[in-house]
Amino acid sequence: MTSEATPTYELPSPEETFVEIECCSRTKTGETACGDDFRSVRIADEGRHIAVLSDGLGSGIKASLLSNMTTTMALEFVRRNMEIVQSAEIIMDTLPVCEYRKISYATFTVFDLLPGGLTRVVEMDNPPFIHLRNGHDLKWPADILFSERWPDRKLAISKFRMVQGDRLIAFSDGVTQAGLGSDACKFGWRREGALAYIQKLVDADPLISARELSERVVAEACTKNPQHRCIDDVSCLVVYLRKPRRLRLLTGPPFNQEDDREFAETVLNFDGHTIICGGTTANLVARELGRSISTDLKLIKFCGGLPPPSKLPGVDLVTEGILTLTECVRRLESGEYRDAPLPVSNIITFLLESDVIEFIVGTKVNEAHQDPRLPVDLEIRRNIIKKMSGILEEKYRKKVIIQYF
């Protein structure tokens, strides 16, 4: 058995770079479960990011089980720096055997990003990954490793250094085989077709997010099939290194009134977007900065019973506080936010388009929210922010900072 030496990790780079990781998947038409699976983790104390995409044999529940087991094990083995061939053998030994094909099988791609841009990519039978820099598809030599127990399987390991602006893209064969047998794509969309489309998108929008890029690649792949059906599970994983997109959200007045001015000035000269949630908070900021708040009451019909958003010069969005934030948490937790009321939709859009989110939380108690007639699940402000922060970090892979006043 051929083995691979454990890589040497470097100290964190002083250059601040955000690693955006997103994956979009669509389930094969007629199936209830997706046979592709994606998992990622950010190891903060190591400055390390790991992302895994797996495609289980076939489709449906069985394929979903295979891919889920593969991503779970691969992520943990890579995280612990286990020898890669041994890790792959354990995965293949563990996967249940298909009743009809008499094999246990799932492909995978692992992106392992270390501080300083050092990157390792491990592939087993997924379409070859793309490393895009300034619109060019960079090619890297790969070490090919084999297992003595599984001689028909091979691992490709590539190592290189990424820089800010680079993208890594991996996909399941539902992308490369899209349209297979059709007049337009007799041999499928293939890697070359997907690459050309990605280059076109990045050329038109050099700052296109990983989330949007992955969604558009999957959508385009589906258009290659008859009636735009998913003839297989379709997934695209994108990793994008970029300057962080920042958002600062203020909610609640400070505990001490003498801090009002300092609190209000946190919206000034901030390199990013700003949101204020709460009428009392907005009035405080407006008063301290000598600005006026305006509200378009015509927007009420789009707000689902919530107060409409307002405008304050120098601030991107002003909304009501507790009720709106509570609904944001519910929508973010469920993932069902596309039809959210206008103020909730606005906040969630800013949150999802940001990389680093700073919550500036005033700790003065608002007596209005101590009314026992209010719903029992209406949490106080700081608990709502804590819950939202956890969801943003765990489910949406955002970096969150909370500062209390």
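Taking Cα atoms only, the orientation of helix 210-223 departs from the longest principal axis of the chain by about 50 degrees. I need the GluC sites (Glu not before Pro) found in segment 38-131, filtered to DSSP loop residues with at most 11 other beta carbons within 10 Å of theirs. Here the sparse-neighbourhood loop sites are GLU99.
Taking Lys and Arg as +1 and Asp and Glu as -1, the other residues whose beta-carbon sits under 15 Å from that of ASN283 total +2.
Taking every DSSP beta bridge with both residues inside the chain, roughly what % is antiparallel (nearest 5)?
Of all bridge pairs located within the chain, approximately 75 percent are antiparallel.
Once the Cα atoms of helix 60-79 and of the chain are each reduced to a long axis, what angle between those two axes, in degrees from 0 to 90 to the nearest 10, is obtained? Around 80 degrees separate the two axes.
Each other residue within a Cβ distance under 12 Å of PRO308 adds +1 if Lys or Arg and -1 if Asp or Glu, for a net charge of +1. For P(r) over Cα pairs in 20 Å bins from 0, in percent, the value calculated from this model appears in (1) 24, 52, 21, 2; (2) 25, 57, 18, 0; (3) 24, 49, 24, 2 under label (3). Oblate is the label for segment 32-111, because a/c, from the alpha-carbon gyration tensor with a ≥ b ≥ c as root eigenvalues, is 1.5 or above and a/b does not exceed b/c. Accessible area of HIS273 (1.4 Å probe, protein heavy atoms only, ligands and nucleic acids ignored): about 80 Å². Available extension along the chain between LEU268 and ARG382 is 38.7 nm, counting 0.36 nm per residue and deducting the alpha carbon span.
Share of carbon and sulfur in the accessible area of segment 15-79 stands at 49%, probe radius 1.4 Å.
Candidates LEU114, ALA184, PHE146 compared by Cα position along the dipole of the chain: farthest toward the positive end lies ALA184, with charges placed on Cβ. For segment 190-233, carbon and sulfur atoms together expose 49% of the accessible surface, with a 1.4 angstrom probe and every protein chain in place. Backbone amide hydrogens, once placed in the peptide plane, bring GLY278 within less than 5 Å of THR319, GLU320, GLY321, excluding anything fewer than 5 places away on its chain. Accessible surface area normalised per residue over segment 133-255 is 48 Å², counting heavy atoms of protein chains with a 1.4 Å rolling probe. Helices in the chain, meaning DSSP H runs of at least 4 residues, each add -39500 (n - 2.57). Divided by all residues, the mean residue ellipticity at 222 nm is -9000 deg cm²/dmol.
Contact order for the chain, expressed relative to its length and based on alpha carbon pairs under 8 Å spaced 6+ residues apart, stands at 15 percent.
Taking amide H atoms as placed 1.01 Å from N in the peptide plane, the amide H of GLY362 lies under 5 Å from those of THR251, GLY252, PHE405, each 5 or more residues away in sequence or on another chain. Counting only residues at least eight positions apart within a chain, or on another chain, the aspartates and glutamates with an alpha carbon under 18 Å from that of LYS301 are GLU320, GLU327, ASP339. Straight-line reach from LYS298: taking Cα to Cα under 18 Å and skipping same-chain neighbours fewer than 8 places apart, the lysines in range are LYS311.
Which of LEU325, LEU53, LEU268 ends up with the largest GNM mean-square fluctuation for the chain, with Cα atoms connected below 10 Å? Of the options given, LEU268 has the highest mean-square fluctuation. Please work out the FRET efficiency for the pair ILE61 and ARG261, using the Cβ-Cβ distance as r and a Förster radius of 60 Å; give the result to the nearest 0.05. According to the calculation, E is roughly 0.50.
For segment 79-197, a/c is not less than 1.5, where a ≥ b ≥ c are the root eigenvalues of the C-alpha gyration tensor, and a/b does not top b/c. That puts it in the oblate class. Can you flag which of LYS139/LYS243; LYS28/LYS62; LYS186/LYS224 are past 20 Å Cα-Cα? Too far apart for the 20 Å limit: LYS139/LYS243. If you fit an axis through the alpha-carbon atoms of helix 342-352 and take the longest principal axis of the Cα set of the chain, what angle between them do you get, 0 to 90°, nearest 10? Its long axis makes an angle of about 50 degrees.
The values are calculated or read from the model by the stated rules, or taken from the named source; none is laboratory data. Predicted, not measured: the structure shown is a model, and the values here were computed from it. Using ideal geometry, Cβ is built from the backbone for each residue, glycine included, and neighbour counts are taken over all protein chains shown. Surface accessibility is based on the protein's heavy atoms, side chains included, excluding ligands, DNA and RNA. Shrake-Rupley method; radii C 1.70, N 1.55, O 1.52, S 1.80 Å.
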